[in-house]
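In what follows, a single structure is set out as structure tokens and then discussed.
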Amino acid sequence: MSKRRGHENQAHRGGSEKRSRRRKHLYVVVDDWNKGFSIYKIDADGFDSYSDGEEDLTGAEGAAGRLPEPPAVRLESPGPDVPMFFTALGSKIFIVTDRRCGQTPALVFDTETAGLAIGPRVPAQLQCGFNVVVAADETLYAFSSPSYNKQDSFEVMSWAPTCLDQLDGYTRYPNEEAWSWKSLPAPPQPFDPYEIITSYALHPNGHTIFMTTSYRDRPILKKSTYSFNTKNHAWRWHAWVLPFRGQGHFDSELDAWVGLHKDGYICSCRVASDSGSATPINLGLIQLDWQMGKNKVFCKDRERYVTASLTYMGRSKFCLVESVVREGVDKNYPFGDHCGCMLHMTVFGLKYNHTGELRTTNHQSTRSYVISKQRDEAFAPVAFWM
């Protein structure tokens, strides 16, 4: 397989040589207490390892433990059942404590210093919720699909000199640098309130974001594929669809995007050209070169499955985070304070075999935790590698 030179880690900011030597950890976000969320710092090297050649990426409940106490940080929600949102850029985790209320500022947790800072308020255009957040070139790009009575929006947050209308009422010195938001051109028509973004990926050139949409009431049915160029702020249409669900992660050794397929498999997809049409174009004219792994790696028991997410760790290494209902727990009542769920975290590698088929590497490491999950499938535990 060919190798592409590009951005090996699309979610990390550039840093000093000292930062590059810093040992990384998995920071996993869990809704494990009734007042809010916890972020745990986990040493991936301490996972139980096996190399028997089997592609079983799920942990054993008999070996399950507890997440390390105390957590790196615990965050109390502003109110009962208030949705919170988490994303990452470089060594920082950004927390939107109430994405439905623009009066609530974001928080910024620095994993290098364990410091917690107050960030910028969420723009009013994003208060109906985030659909996609992509880290590119030391910047966060946030897209919110339109509700049935509001316009869609596309916002960008970066560390830059602020101006008076960006200060949220706070007094600062002129040209003081801070995290701040600004608006970008929203997607052109016919993007409408009846479609949502279901797949997205950053091109290895570092400045083209691809998004595949589906019908809001039929998420399996693909509708359109768009791209946005962060340099010239141009939108384009494409005749193909991204095969994975959620985020696809580019890996230069595989020369492909890697993501989770809706049927419970890992899939890889050769990177598409960043060129597209300036006018709407029909889907299906072009098929991307993609394939699924041989074995099902999550959602093996659909009755017990809750959520799954994939974290990229660099150099064809990934972490699968899956939450399931514990054995012996009533699948209709697994949520709350009674430790009714399991969190499986599995670190594994990917490669193409001699016939070009996608396979997990023989060496895998896994750990399982007993957790209380408060917010059903509305919140998927997620891990950040930093």
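Before moving on, here are some points about what is shown:
- Filtering segment 325-348 to residues that are touching a strand residue (DSSP E or B) at 6+ places or on another chain (Cβ under 6 Å) and closer than 15 Å to ARG66 by Cα leaves ARG326, CYS339, CYS341, MET342, LEU343, HIS344, MET345.
- Cβ pairs under 6 Å, 6+ apart, first in segment 170-182 and of a type in the set (Ser, Thr, Tyr), second modelled with pLDDT under 60 and open to solvent by less than 60 Å² (accessible area, probe 1.4 Å): SER180/GLN166
- Residue in segment 95-109 that is open to solvent by 60 Å² or more (accessible area, probe 1.4 Å) and modelled with pLDDT of 70 or more present: no
- Residue within segment 361-377 that is part of a helix (DSSP H, G or I), farther than 24 Å from SER91 by Cβ and either touching a residue at least 12 places away in the same chain (Cβ under 8 Å) or more than 18 Å from the chain's Cα centre (by Cα) (or both) present: yes
- Failed condition for LEU343, given (1) surrounded by fewer than 21 Cβ atoms within 10 Å (Cβ to Cβ); (2) in a strand (DSSP E or B); (3) aliphatic (A, V, I, L, M): (1)
- A Cβ distance below 6 Å, combined with a sequence gap of six or more or placement on separate chains, defines the contacts here; from segment 72-89, residues that are buried (at least 17 other Cβ atoms within 10 Å of the Cβ) reach residues that are modelled with pLDDT of 80 or more and among the small types (Gly, Ala, Ser) in the pairs LEU75/GLY36; SER77/GLY36; LEU89/ALA135.
Matching residues to (1) of a type outside the set (S, T, N, Q); (2) at pLDDT 95 or above; (3) touching a Ser or Thr at 6+ places or on another chain (Cβ under 9 Å); (4) open to solvent by less than 10 Å² (accessible area, probe 1.4 Å):
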site: GLU327; (1), (2), (3), (4): yes, no, no, no
site: TYR333; (1), (2), (3), (4): yes, no, no, no
site: GLY336; (1), (2), (3), (4): yes, no, yes, no
site: ASN353; (1), (2), (3), (4): no, no, no, no
site: GLY356; (1), (2), (3), (4): yes, no, no, no
site: THR361; (1), (2), (3), (4): no, no, yes, no
site: VAL370; (1), (2), (3), (4): yes, yes, no, no
site: VAL382; (1), (2), (3), (4): yes, yes, yes, no
site: TRP385; (1), (2), (3), (4): yes, yes, yes, no
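- Annotation: HIS261 fulfils all but one of (1) open to solvent by less than 30 Å² (accessible area, probe 1.4 Å); (2) in contact (Cβ under 8 Å) with a residue 40 or more places away in the chain; the unmet one is (2).
The values are calculated or read from the model by the stated rules, or taken from the named source; none is laboratory data. Since the structure is predicted, the reported quantities are computational estimates derived from the model, not experimental observations. Virtual Cβ from ideal backbone geometry, glycine too; neighbours counted across all protein chains shown. These area figures cover heavy atoms from the full protein model, side chains too; ligands, DNA and RNA do not enter into them. Shrake-Rupley method; radii C 1.70, N 1.55, O 1.52, S 1.80 Å.
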